[in-house]
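Peer 1: Let me begin by handing over the structure; questions about it come next.
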Amino acid sequence: MLFNKFKRTEAGQKDDFSKDYPKALKKARLNWSLLFTVAIFSVVLIFSLITIRFQQVTVFNRIDNRLVELTNLSQTAIDRFRMPEGEGELPQFLFEEDQFIQIYDPTGNLRFELGAKIPENMNLKLKIGPKSEHDNKFTTIKFTDKEGDIKTFRTYTTVIQNRIPNLAITIRVGIDTQRAIDERTSFRNGVIIFLMIFPVFAWILGYLLAGMVLKPVRENYNLLRRFSFDASHELKTPLAIIKMSTGMLLTKSDRLDESVAKKIKTIDNATQRMDNLVKQLLQLARAQNIADNDKINEKIDLQQFMMSLVEEYTSYADKHHVTIRHKVFTNREIHSNRNALRSIIGNILDNAIKFSPEGSTVDIRLKKGMYTMLVEIEDKGPGISVEDRNKIFDRFYKADKSRHDARGSGMGLSIAEEYAKRLGIKMEVESALGKGTTFTIRLPT
């Protein structure tokens, strides 16, 4: 029966469980999103740096290739038009703006100069001989022109053999690199702007990837919650039957053998404990499944609310020979979920009574903060060690293992914390061994 109901819930229409994203998974998703964002951005950053470097090399390689191409064109033109002393020029169409060509005769004198003008001190100083020391050499020259602008030229020098043996003509071509520098700067600035904007897209992509990674975890989490909720519901009926049966048998215990009566009493006690545990599991499941529109749904008069809560737990305190002591509560209204708030304060008050020594008091104080109302519950119990203080809200955790059979299931504070997380309520604990414990509940107004 339990399995069938659980299976129906899983296969049926979408329920409230599937809408919930627990705090731990939210934190995990944010962590994974950050990790994915850093990884994605790092990959893109490295790729961008490689691209910038590749673009820079490509631009200047393109210049070098153009320089070699110009020298080949120049050599062809020289062969076609010859180069007699004082006659002829190379055709201007070979050259674009911000380019120049220089041709030196075998004696090292500059014969032709076309295109952009460069200072005379930048001309080549050639030694007379069959071979120039500048042959097949790339260089970069930098100077300031007449207008005061800094010019940078990439040059290439090569030597071609003339028709006369052992006589060589030196050709030097140059291209202004400013256009390439502007292209490189523009590309680099574009990449930088892209990298400044990209983290937003990287975060969105990382968040989506984290959701995909954590989807199976979320589904398993909701599966366990549905099972806990359905199992608790289904266990109520058989437990009620067992309790009724043991109750009937205990009414006739005088007719039963003493050993049998003791076993029935043990079964009844165990059933009662299990029934309490099932109720707490149901309460925890409800706390986890509290809907957003249920978080703040009514006005609560704290004075009346606290007085009714004290009256409710007075008989329980009398049973433990503990006195609940309180002052006149402040008349203050808050907006919250009444049942959830009763569960939070009630579970803490229940613990305070349960672990207080006989004849002691449990003090309840209601204080007004700047933006909150503070409910303080102080007991005179054994206190909680620093080591245990961070674990008391864990499910089934008990600071004193010797209380395992007599003092509850260890679920009360877990239920209180679950409701508190859903309602935006903060809980603080102050305790010292042998001096009691004080719980402070901060209720938003």
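Peer 1: Of the residues Ser409, Ser431, which is at pLDDT 80 or above and within 36 Å of the chain's Cα centre (by Cα)?
Peer 2: Ser431
Peer 1: Does Asn189 satisfy the condition of being loosely packed, with under 14 Cβ neighbours inside 10 Å and at pLDDT 90 or above?
Peer 2: Yes: the conditions hold for Asn189.
Peer 1: Do you know which of the residues in the range 431-445 that are closer than 22 Å to Met306 by Cα and aliphatic (A, V, I, L, M) is surrounded by the most Cβ atoms within 10 Å (Cβ to Cβ)?
Peer 2: Within the range 431-445, the match that is surrounded by the most Cβ atoms within 10 Å (Cβ to Cβ) is Leu443.
Peer 1: Quick check on the range 183-203: of everything there that is in contact (Cβ under 8 Å) with a residue 24 or more places away in the chain and over 16 Å from Leu34 (Cα atoms), which residue is nearest to the chain's Cα centre (by Cα)?
Peer 2: Leu195
Peer 1: Oh, and also: Scan the range 356-405 for residues that are among the small types (Gly, Ala, Ser) and modelled with pLDDT of 70 or more and jot them down.
Peer 2: Ser356, Gly359, Ser360, Gly369, Gly381, Gly383, Ser385
The values are calculated or read from the model by the stated rules, or taken from the named source; none is laboratory data. As the structure is a prediction and not an experimental result, all values here were calculated from the model. For neighbour counting, all protein chains shown are included, and Cβ atoms are generated from backbone atoms with ideal geometry for every residue, glycine included.
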